[in-house]
Amino acid sequence: MKRKRPGPAAQKCNAVPLPRLVDQVTASVQQDGALDGTALRVLLSAYRAFAVLDRDQAEEAAAMGLTSLQFNILTVLHRSQQPLSMGALAAMLVVRPTNLSGNISTLAQRGLIRREINRSDQRSLLAVITPDGDAFLAAQLPAHWHRLERLMGELSPAQRGQLVRLLDRMVSSIEQERGRIASAHLPGG
């Protein structure tokens, strides 16, 4: 009796995982010879860096009894030193306003922020940090800032500045491409 060769699905299950980014990029370039792989390597590196940083920040915030988004809400309100609408707060945090409501409720229940009616638009609410919220941050921020310095310790101040500029250019490039795609989908576009 002749043995059958495993099909593509079985071959994928038996495939060796590619833990290194360079191996993942090389495999993709082999699948599509038109790729040079640099854009994919940037994307995979950015995702990996974000995942590592996000996991670290989630652990740090959890030790404070918060989620990382809740901690970020507090720090944005603290830095802005003024009440913020949910839309403005969401834009500063790069999240959708609907992602804020439960987190705002939790922070309000803990007395760290309060909601106020927006006097210029009575249909919307403003988030305001409370004195308890400011006191909470006064106790937490120094250790947080020192932790960030240690996390970025492998990068010189010049490298940190260069990284920020490059990330800003990457965001701009992505936003421009998204704008081109959106324009192309408009009637007459």
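The values are calculated or read from the model by the stated rules, or taken from the named source; none is laboratory data. This structure is a prediction, so every number in the text was calculated from the model and none was measured. Methodologically, a virtual Cβ is constructed for each residue, glycine included, from the backbone with ideal geometry; neighbour enumeration extends over all protein chains shown.
The requirement of being outside any helix (DSSP H, G or I), within 18 Å of the chain's Cα centre (by Cα) and under 25 Å from residue 47 (Cβ atoms) is not satisfied by residue 76. Here residue 121 meets the list (1) without any contact (Cβ under 8 Å) to a residue 40 or more places away in the chain; (2) under 13 Å from residue 74 (Cα atoms); (3) charged (D, E, K, R) almost entirely, failing just condition (2).
I'm checking my understanding of the structure. Among residues of the stretch 61-94 that are at pLDDT 95 or above and in contact with a Ser or Thr (Cβ under 7 Å, 6 or more places away or on another chain), which one is surrounded by the most Cβ atoms within 10 Å (Cβ to Cβ)? Out of the qualifying residues, it is 70.
Just to check your reading of the model, which residue among 168, 132 is touching a Lys or Arg at 6+ places or on another chain (Cβ under 9 Å) and without any contact (Cβ under 8 Å) to a residue 24 or more places away in the chain? Full working, then the answer.
Numbers: 168 fails: touching a Lys or Arg at 6+ places or on another chain (Cβ under 9 Å).
Testing whether each residue is touching a Lys or Arg at 6+ places or on another chain (Cβ under 9 Å) and without any contact (Cβ under 8 Å) to a residue 24 or more places away in the chain leaves just 132.
Of all the numbered requirements in (1) in contact with a strand residue (DSSP E or B) (Cβ under 6 Å, 6 or more places away or on another chain); (2) under 15 Å from residue 61 (Cβ atoms), residue 93 misses one, and that requirement is (1).
The residue that is modelled with the lowest pLDDT, counting only those in the stretch 146-189 that are farther than 18 Å from residue 52 by Cβ and outside any helix (DSSP H, G or I), is 189. Among the residues of the stretch 89-103, those identified as over 11 Å from residue 72 (Cα atoms) and assigned to a helix (DSSP H, G or I) are 91, 97, 98, 99, 101, 102.
Yes or no: the stretch 30-41 includes at least one residue that is within 30 Å of residue 128 (Cβ to Cβ) and surrounded by 17 or more Cβ atoms within 10 Å (Cβ to Cβ).
Taking the stretch 30-41 and keeping what is within 30 Å of residue 128 (Cβ to Cβ), we get none.
Looking for residues that are within 30 Å of residue 128 (Cβ to Cβ) and surrounded by 17 or more Cβ atoms within 10 Å (Cβ to Cβ), one finds none in the stretch 30-41, hence no.
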